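Peer 1: First the structure, which I've put down as structure tokens, then a few questions once you've had a look.
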Amino acid sequence: MALAENELSFQEKVDQDIRIEPKDWMPDAYRKTLIRQISQHAHSEIVGMLPEANWITRAPSLKRKATLIAKVQDEAGHGLYLYSAAETMGISREEMVDQLLSGKAKYSSIFNYPTITWADMGAIGWLVDGAAIMNQVPLCRASYGPYARAMVRICKEESFHQRQGFEILLVLSKGSEAQRRMCQDAIDRWWWPSVMMFGPNDEASPHTAQSMRWKIKRFTNDELRQRFIDVCAEQVKLLGMRLPDDLLKWNEERQHYDFGPIDWEELRQVISGNGPCNKERLAARVQAHADGAWVREAAMAHAGKRAQRAAPDQYKVA
Ligand code: 3HC
């Protein structure tokens with residue numbers, strides 16, 4: 001089939017919500033976009049473990065420690081699912097890891113902020129995982145099969161992440177004056193970076209229009225951001241706290257919350273590596289990769305041995 005026919009029949013499948021699978025023909029640009037988005041999503045999950053891991057040894061109780069360990073372990077699993085989904089498009093795990101460690105690939109800006117108090121664990125669960133859920137539930141209907149299927153399981157675990165975070169803040173909000181102050185301080189520091197997780201606004205987004213046509217995205221950055229703000233503006237009332245936005249106000253006509261200006265320069269700076277913790281996060285990942293080299297070598301040697309034992313004599317590796 002000529003390219004144009006291929007493109008046409010591909011788009012017809014997408015328009016009819018027929019899932020695209022790894023062996024199906026797809027435009028190079030579709031493959032490239034998905035490798036970019038899925039691999040960066042996976043990097044975000046892996047780097048996203050670092051801010052919370054900082055509090056595992058300092059959790060205020062054994063229960064909180066166990067819950068936080070479970071959550072951080074989940075994020076590692078999410079990263080592995082997503083790397084595997086990206087591999088179905090023809091990129092190797094090594095290539096993706098190299099893109100992250102060399103600083104070529106992006107990961108979510110949100111993970112470049114410091115976790116200063118225990119309340120940050122609550123704010124991350126409630127706001128960061130809450131934003132992730134808002135963004136990831138529609139991805140369960142993405143046109144690319146392996147991505148959509150990976151999202152189904154990830155979203156189930158994200159809802160546990162968000163609930164445990166909100167519960168941490170709820171307990172603090174009912175605690176001492178110092179605990180209430182700690183709760184509000186964490187919300188103040190994590191609110192706007194969480195709002196920025198949804199990406200630049202639609203006019204400034206180079207990918208959104210095409211990703212909508214390909215049904216990789218089911219909603220635009222601004223639509224999901226608005227939904228997130230509407231939900232959090234109600235939930236924060238249950239905490240007896242406030243979101244750090246004096247312009248946040250219900251707009252009866254729009255049936256949405258109006259909100260204040262987003263500091264796009266901050267997002268640009270953090271994305272380009274000048275956030276509070278970018279260097280520390282990447283250094284930690286580079287170090288972890290180096291420290292784990294012996295595990296990879298042992299696993300490869302074991303796999304090689306197993307292959308030799310399994311291979312019939314004539315294929316015995318010299
Ligand atoms: N942080 C870092 N980079 C960002 C960003 C952010 N918050 N928002 C946008 N960008 C980057 C994009 O990657 C793109 O750069 P690139 O072309 O070099 O990849 C550029 O800015 C333009 O942005 P667009 O909005 O046009 O790009 P996308 O169409 O890819 O939309 C996105 C960005 C909404 C993040 C989309 O990629 C997406 O939905 N990704 C999947 C979900 C995801 O990655 N979430 C990140 C958090 S994961 C997480 O929270 C885990 C949870 O367990 C805590």
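Residues checked against (1) hydrophobic (A, V, I, L, M, F, W, C); (2) more than 13 Å from TYR144 (Cβ to Cβ); (3) crowded, with 16+ Cβ neighbours inside 10 Å; (4) more than 14 Å from the chain's Cα centre (by Cα):
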position: ASN6; (1), (2), (3), (4): no, yes, no, yes
position: SER44; (1), (2), (3), (4): no, yes, yes, no
position: LYS65; (1), (2), (3), (4): no, yes, no, yes
position: TYR81; (1), (2), (3), (4): no, yes, yes, no
position: SER102; (1), (2), (3), (4): no, yes, no, yes
position: ILE110; (1), (2), (3), (4): yes, yes, yes, no
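Peer 1: In the range 171-183, is there at least one residue being away from the ligand (no atom under 11 Å from the Cβ), within 21 Å of LEU243 (Cα to Cα) and of a type in the set (Val, Ile, Thr)?
Peer 2: Yes, there is a match, as at least one residue in the range 171-183 is away from the ligand (no atom under 11 Å from the Cβ), within 21 Å of LEU243 (Cα to Cα) and of a type in the set (Val, Ile, Thr).
Peer 1: Which residues, counting only those in the range 116-138, are without any contact (Cβ under 8 Å) to a residue 40 or more places away in the chain and either near the ligand (Cβ under 9 Å from one of its atoms) or of a type in the set (Ser, Thr, Tyr) (or both)?
Peer 2: Residues of the range 116-138 without any contact (Cβ under 8 Å) to a residue 40 or more places away in the chain: 129, 133, 136-137.
Across the range 116-138, the qualifying residues are ASP129, ILE133, GLN136.
Peer 1: Hand me the list of helices (runs of 4 or more DSSP H) wholly inside the range 2-115 holding 2 or more residues that are more than 15 Å from the ligand (Cβ to nearest atom).
Peer 2: 3-15, 62-87, 93-101
Peer 1: Looking only at the range 260-281, count how many residues are under 11 Å from TRP192 (Cα atoms) and in a loop (DSSP other than H, G, I, E, B).
Peer 2: 4
Peer 1: Another question about this same structure. Look through the range 200-234, keep the residues that are within 11 Å of the ligand (Cβ to nearest atom) and touching a strand residue (DSSP E or B) at 6+ places or on another chain (Cβ under 9 Å), and return whichever of them is farthest from LEU248 (Cα to Cα).
Peer 2: TRP214
Peer 1: If you take the residues in the range 121-146 that are more than 16 Å from THR220 (Cβ to Cβ) and within 13 Å of the chain's Cα centre (by Cα), which one is surrounded by the most Cβ atoms within 10 Å (Cβ to Cβ)?
Peer 2: Step by step, filter the range 121-146, then rank; the result is LEU127.
Peer 1: Working carefully through the options ILE168, ILE154, find the one that is more than 25 Å from GLY275 (Cα to Cα), in contact (Cβ under 8 Å) with a residue 40 or more places away in the chain and in contact with a His (Cβ under 6 Å, 6 or more places away or on another chain).
Peer 2: Every option except ILE154 fails the conditions.
Peer 1: So if I check each of ALA119, ALA186, ALA131, ALA105, which one is out of contact with any Ser or Thr (no Cβ under 7 Å at 6 or more places or on another chain) and among the small types (Gly, Ala, Ser)?
Peer 2: Just one listed residue meets the conditions, ALA119.
Peer 1: So, one more: Give me the pairs, please: first residue somewhere in the range 28-51 and under 19 Å from ARG285 (Cα atoms), second residue anywhere and among the polar types (S, T, N, Q) and near the ligand (Cβ under 9 Å from one of its atoms), beta-carbon distance under 8 Å, and either six or more positions apart or on two chains.
Peer 2: GLN40/SER108; SER44/SER108; VAL47/SER108; GLY48/SER108
Peer 1: Still on this structure, please answer the following. Kindly evaluate GLU167 against the criterion of being more than 12 Å from the ligand (Cβ to nearest atom), assigned to a helix (DSSP H, G or I), modelled with pLDDT of 95 or more and closer than 23 Å to ALA70 by Cβ.
Peer 2: Yes, satisfied.
Peer 1: Same structure, new question: Being within 19 Å of the chain's Cα centre (by Cα) and loosely packed, with under 14 Cβ neighbours inside 10 Å narrows it down to one of GLY273, GLY240, so name that one. Don't jump to the end; show me each part of the working.
Peer 2: Values: GLY240 fails: within 19 Å of the chain's Cα centre (by Cα).
Among GLY273, GLY240, only GLY273 is within 19 Å of the chain's Cα centre (by Cα) and loosely packed, with under 14 Cβ neighbours inside 10 Å.
The values are calculated or read from the model by the stated rules, or taken from the named source; none is laboratory data. Here the structure is a predicted model, which is why all the values come from computation and not from measurement. Cβ sites come from the backbone with ideal geometry, for glycine too, and all protein chains shown count toward neighbours.
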